[in-house]
Amino acid sequence: MILTKDEQALLDGKMGEALSKAMQILVALGKIYHAENMVPITSAQIAGVSYDNLGEDGLDFLNEMAVNGDRVRVLTTLNPAGMDIENWRALGITADFAEKQIRVIDAFKQMGIIPTCSCTPYLVGNLPLFGDHIAWAESSAVCFANSIIGARTNREGGPSALAAALTGRTPAYGLHLNEGRLPTLHVEIPCDIQGETAFGALGAAYGLILEGSKVRHVPIFTGISRATLDELKAFSASIATYAGTALFHIRDITPEANRFALPDEHLVITLEQVEQALVRFSTPEPVETDFYTLGCPHLSLNELIVIAKKLAGKKVKKEFWLTTARPTKEIAQKLGIIQIIEETGAKVVADTCCVVAPIGKKYHTLATNSAKGIYYASSKHHFHTRFLTEDQIIAEVTR
Ligand code: F3S
């Protein structure tokens, strides 16, 4: 790799051990993927924040990076933590876990990272521009940033995103390069897809059809005539989870899609296949659902407003979490939306989500409208799962 003088100095430890370690991570990555050089980045998003996933080793690594007082060089935000930082007691989090989680957040804060604790950084102030090079971890946000915004990032891991944030650069390979963004598979959708559950199911159906394929495609979809920001947020999370996709294009919707000719390789996804994905991720036998959640990825302000209207005046009789970013919750609070929701008995939970919070032993069956949430609730927490629409969930929790 060709390094600039500054990059070489960082690598050689002239600016301290932590920055040298950060450059070593980036150079090693660059060599693996045959990057010729580094590119400067404008923003970073760090994942691997929950103490439940990090453990003591992860916390030690963070403390090592934080100890010299080095600060991030670009706007850097954090993924969800393992608990609501202000309201953890009400969610049954132990004091021991809370103390460790707060040490994790403190280490990030010491490095100048903003503890947004959200997987939707683009909704809470970390919004890159079209064409910006960025270094984001969090597969759903990576997919959204590449596909919907047209920014450029590979799927970073927690350590490589942190290394990029501290040095302000990332190796130029993959989706940073024009050739990495070319569509390789034309996916035709001959049916109307509407709603976040349906868009989530479409991402899951795509992943199931390509299961076992050795090629990681950049798909270009045709036949989708409209999509809301919240549907695209759900779709990004789902296709990233089920197919490992970090970039997709949708003709006439996403910003790069109309630049490209359609590739010859072609696939059609039917309504039946989308509906099958919905059924496949629901536990077949009737089981009592003891945990309901909306907000994977984190709910937008608009979603909270819509949910508040649907819940207003009703009583929630089940454990029901609405997960969102704290800044979004604070705006909703000022608008009186949180009060409307909480008066029903539903819980508006900030900073965390049903996957990264340590709730595996507390519940048995989770219902959500999120395809990604279903995947991890089953694989990480071993919950039975039910893949429902938002309206079905609201009807069940208030029945
Ligand atoms: Fe976000 Fe948690 Fe889902 S991090 S995308 S709400 S699994």
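A short reminder: the numbers here are calculations on the coordinates, not readings from a lab. For clarity, every value in this text was computed on a predicted model and none was experimentally measured. For neighbour counting, all protein chains shown are included, and Cβ atoms are generated from backbone atoms with ideal geometry for every residue, glycine included.
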Kindly provide the GluC sites (Glu not before Pro) of the range 282-348 that DSSP labels as loop, not H, G, I, E or B, and whose Cβ sees at most 11 other Cβ atoms within 10 Å.
Glu288
Students often forget the sequence filter, so: which aspartates and glutamates lie under 17 Å Cα-Cα from Lys318 once same-chain residues fewer than 8 apart are removed?
Glu288, Asp290, Glu342, Glu343, Glu390, Asp391, Glu396
Work out, step by step, the length gained on full extension between Lys309 and Arg103: first 0.36 nm times the residue separation, then minus their alpha carbon distance; give nm to one decimal.
70.4 nm
Residues Asp264, Asp70, sorted so that the one with the fewest Cβ neighbours within 10 Å comes first
Asp264, Asp70
Restricting to bridges with both residues inside the chain, how much of the DSSP beta-bridge set is antiparallel, in percent to the nearest 5?
10
Filter the GluC sites (Glu not before Pro) in the range 41-114 to those in DSSP coil with at most 15 other Cβ atoms within 10 Å of their Cβ, and list the result.
Glu86
16 Å cut-off, amide nitrogen to a point 7 angstrom out along Ser20 Cα→Cβ, residues in the range 50-75:
64-70
Given unit charges at Cβ for Lys, Arg (+) and Asp, Glu (-), the dipole magnitude of the range 1-108 about its Cα centre in debye, nearest 20, is 340
Run the reach check for Lys372 against lysines, Cα to Cα strictly under 17 Å, same-chain hits fewer than 8 apart removed. What comes back?
Lys233, Lys380
Going by amide H atoms built from the backbone, whose H comes under 5 Å of the H on Arg169, apart from near neighbours?
Ile41
Could you give the nm distance between label points at Lys317 and Leu229, where each point is 7 Å from its Cα heading toward the beta carbon?
3.7
Inverse of <1/r> over all distinct C-alpha pairs of the chain, i.e. the Kirkwood Rh in Å, gives 21.7
Assigned charges on the beta-carbon of Lys, Arg, Asp, Glu; the range 25-74 dipole about Cα centre (debye)
340
Picking from Ile337, Gly373, Gly360, whose Cα lies most toward the positive end of the charge dipole for the range 326-399 (charges on Cβ: Lys, Arg +1; Asp, Glu -1)?
Gly360
Would you compute, from DSSP H runs of 4+ residues alone, the mean residue ellipticity of the chain at 222 nm, taking -39500 (n - 2.57) per run and dividing by the full residue count, rounded to the nearest 500?
-11500 deg cm²/dmol
Calculate, for Glu285 and Asn37, the FRET efficiency according to 1/(1 + (r/R0)^6) with r their C-beta to C-beta distance and R0 51 Å; round to the nearest 0.05.
0.35
If the label point sits 7 Å along Cα→Cβ of Val215, residues of the range 148-191 with amide N under 11 Å come out as 184-186
Spatial extent of the range 280-319: Rg and Dmax, with the Cα atoms as the point set, Å:
13.2, 35
Relative to the Cα centre, what is the charge dipole magnitude of the chain, using +1 at the beta carbon of each Lys and Arg, -1 at the beta carbon of each Asp and Glu, and rounding to the nearest 20 debye?
420
